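Beneath this line is the structure, given in structure tokens, with notes to follow.
The values are calculated or read from the model by the stated rules, or taken from the named source; none is laboratory data. Note that the structure is a prediction, hence the values are computed from the model and not measured. Cβ atoms come from the backbone with ideal geometry, glycine included; neighbour counts cover every protein chain shown.
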């Protein structure tokens, strides 16, 4: 599991589209999260209909240029940005991405169980159940139950993260992401998706 988590944290080449749902995880809306990786090129798309219409944020980071693009009905533009600032515009996914990173660093008081393999988005996935007596990352005290599945190459294919808080009045927090479509990246995926303003 540690080896697969390390590959996931480093980034696996490909395009993966996830259904992303949360409950009681701050102001995180539900939507579709797509991650593109090809060599040193990186892109994330976030599409949500929380406001009643599809709105997209696209972050593109390449060695030469970085862009943040916004798309909505009747509205589309991209702006040039620094790589660090561009990446900071999509904080929604930290509750997902911090899990493989934490596994690589080592999580105290963690009990791990290997689960039967599953097929997710057409790939065979190695799955694991984690029970943690504390919290991963920042947040109110509690314990966590996590199920995650990786492809053979270490691509994260699914994650179910449940936080049971110490405060008995606090409702549980839940995050689920699951790969629903996989494809190969193309060079044009890393070009601006709208006029640059």
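Would you please name the residue that is surrounded by the most Cβ atoms within 10 Å (Cβ to Cβ), looking only at residues in region 141-169 that are in a loop (DSSP other than H, G, I, E, B) and in contact (Cβ under 8 Å) with a residue 60 or more places away in the chain? Full working, then the answer.
We begin by selecting, within region 141-169, every residue in a loop (DSSP other than H, G, I, E, B); these are 141, 151-155, 166-169.
Now restrict to residues that are in contact (Cβ under 8 Å) with a residue 60 or more places away in the chain: 151, 153-155.
On the way: 151: 22, 153: 12, 154: 19, 155: 24.
Ranking the candidates gives 155 first.
Out of all the residues in region 55-94, which are out of contact with any strand residue (DSSP E or B) (no Cβ under 7 Å at 6 or more places or on another chain) and within 18 Å of residue 187 (Cα to Cα)? The answer is 63, 64.
Give the residues of region 123-140 that are assigned to a loop (DSSP other than H, G, I, E, B), within 19 Å of the chain's Cα centre (by Cα) and in contact (Cβ under 8 Å) with a residue 12 or more places away in the chain, sorted by residue number. Full working, then the answer.
To start, the set of residues in region 123-140 that are assigned to a loop (DSSP other than H, G, I, E, B) comprises 133-140.
Going one step further and asking which of them are within 19 Å of the chain's Cα centre (by Cα), we end up with 135-139.
Result: 135, 136, 137, 139.
Every test in (1) surrounded by 14 or more Cβ atoms within 10 Å (Cβ to Cβ); (2) assigned to a strand (DSSP E or B) is passed by residue 100 save one, and that test is (2).
If I ask for residues that are in contact (Cβ under 8 Å) with a residue 12 or more places away in the chain and exposed (fewer than 12 other Cβ atoms within 10 Å of the Cβ), which ones from region 108-122 would you list?
From region 108-122, those in contact (Cβ under 8 Å) with a residue 12 or more places away in the chain are 108-115, 118, 120-122; that's our starting set.
Residues satisfying the conditions are 108, 109, 111, 113, 114, 122.
When 179, 173 are checked against the criterion of being surrounded by 13 or more Cβ atoms within 10 Å (Cβ to Cβ) and at pLDDT below 95, 173 stands alone in meeting it. In region 1-45, how many are free of Cβ contacts under 8 Å to residues at least 60 places away in the same chain and farther than 22 Å from residue 154 by Cα? Count: 4.
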